[in-house]
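One structure is given here, and the rest of the page talks about it.
The values are calculated or read from the model by the stated rules, or taken from the named source; none is laboratory data. Computed from a predicted structure; not experimentally measured. Glycine gets a Cβ as well: all are built from the backbone with ideal geometry, and neighbour counts include every protein chain shown.
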Amino acid sequence: MIGETLIGTPYLPGGRNPEEGLDCYGLVVTIYAMRGYHVPDILEELVEGVWTAVAVPETYDLIQVGTAHCGLYIYPGKLLHTTVHTGAVLSPLTPYAPMITGYYHYTGRNT
């Protein structure tokens, strides 16, 4: 799995460098870069057509959790994200399900 090497990376608010630490969206940006895609550094660009809402997520689709957290869907039923206490981690999706506000597929461009 791409991104597996990032599990355990420390949490850093606003972090975009895995050598220093990542926040939740920094993890998304980094993993997409590892996959050869350029993802805008600002999550609010969801509304600008970079991400398209989907009903059923596929591996590496973005999951928006509440209003201030996100991660990536990993089949089957996992959430790759960051937490303050563990840094980057792969968690069961089930505990987060009631807080999920959307699934999004990347529709941007390759680097």
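Odds and ends about this structure:
- Check on LEU22, modelled with pLDDT of 95 or more, touching a His at 6+ places or on another chain (Cβ under 8 Å) and of a type in the set (A, V, I, L, M, F, W, C): no
- Scanning segment 42-56 for residues that are surrounded by 11 or more Cβ atoms within 10 Å (Cβ to Cβ), in a loop (DSSP other than H, G, I, E, B) and either acidic (Asp, Glu) or modelled with pLDDT under 75 (or both) gives a single hit, ILE42.
- Subset of segment 80-111 (residues that are modelled with pLDDT under 95 and touching a His at 6+ places or on another chain (Cβ under 9 Å)): GLY108, ARG109, ASN110, THR111
- Filtering segment 54-92 to residues that are more than 13 Å from the chain's Cα centre (by Cα) and either on the phi < 0 side of the Ramachandran plot or among the hydroxyl-bearing types (Ser, Thr, Tyr) (or both) leaves VAL54, ALA55, VAL56, THR67, TYR75, PRO76, VAL84, HIS85, THR86, PRO92.
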